[in-house]
1. Pairs, please: C-beta under 7 Å, at least 6 apart or cross-chain, first residue at pLDDT 75 or above and in region 5-23, second aliphatic (A, V, I, L, M)?
2. I need the full set of residues from region 31-66 which are within 22 Å of GLY15 (Cβ to Cβ) and among the aromatic types (Phe, Trp, Tyr), in order please.
3. Does region 30-49 hold any residues that are touching a residue at least 24 places away in the same chain (Cβ under 8 Å) and open to solvent by 80 Å² or more (accessible area, probe 1.4 Å), and which are they?
4. Please work out which one of (1) loosely packed, with under 11 Cβ neighbours inside 10 Å; (2) at pLDDT below 85; (3) aliphatic (A, V, I, L, M) is the condition VAL56 fails and give its number.
5. Provide a single number: the residues in region 10-29 that are among the hydroxyl-bearing types (Ser, Thr, Tyr) and surrounded by 11 or more Cβ atoms within 10 Å (Cβ to Cβ).
6. Could you check region 50-66 and list, in sequence order, the residues that are free of Cβ contacts under 8 Å to residues at least 12 places away in the same chain and in a helix (DSSP H, G or I)?
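The values are calculated or read from the model by the stated rules, or taken from the named source; none is laboratory data. Being a predicted model, the structure only gives us computed values, none of them experimental. Neighbour counts are summed over all protein chains in view; Cβ atoms, including those assigned to glycine, are modelled from backbone coordinates with ideal geometry. These accessible areas exclude ligands, DNA and RNA; they are computed on the full protein's heavy atoms, side chains included. Shrake-Rupley method; radii C 1.70, N 1.55, O 1.52, S 1.80 Å.
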Amino acid sequence: MRNTTGDGVFEVATGDGPAMPERAAEVRAAFAGLAQIRRLTGDGGAPADWERRQPVRAVALALEAG
């Protein structure tokens, strides 16, 4: 997944930067990955470890994906 920092971490959209047309695809891919992590961990849809460690990013991802 491409991002502005280049470190592979999903970055929250703040609205300060330029709009990137590929952003929608990145959000879909990140949210699908998060859903897959939840399925693989088998916690019955409970938040993944990543979500607990980075709640702001997790909430921003869920909101933007919606």
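1. Final answer for the pair search is ARG23/ALA13.
2. Answer for region 31-66, where residues must be within 22 Å of GLY15 (Cβ to Cβ) and among the aromatic types (Phe, Trp, Tyr): just PHE31.
3. Across region 30-49, the qualifying residue is only PHE31.
4. Against the list (1) loosely packed, with under 11 Cβ neighbours inside 10 Å; (2) at pLDDT below 85; (3) aliphatic (A, V, I, L, M), VAL56 comes up short only on (2).
5. The qualifying residues number 0.
6. Filtering region 50-66 down to residues free of Cβ contacts under 8 Å to residues at least 12 places away in the same chain leaves 52-55, 59, 63, 66.
If the condition is that a residue be free of Cβ contacts under 8 Å to residues at least 12 places away in the same chain and in a helix (DSSP H, G or I), then ARG52, ARG53, PRO55, VAL59, LEU63 are the ones that fit.
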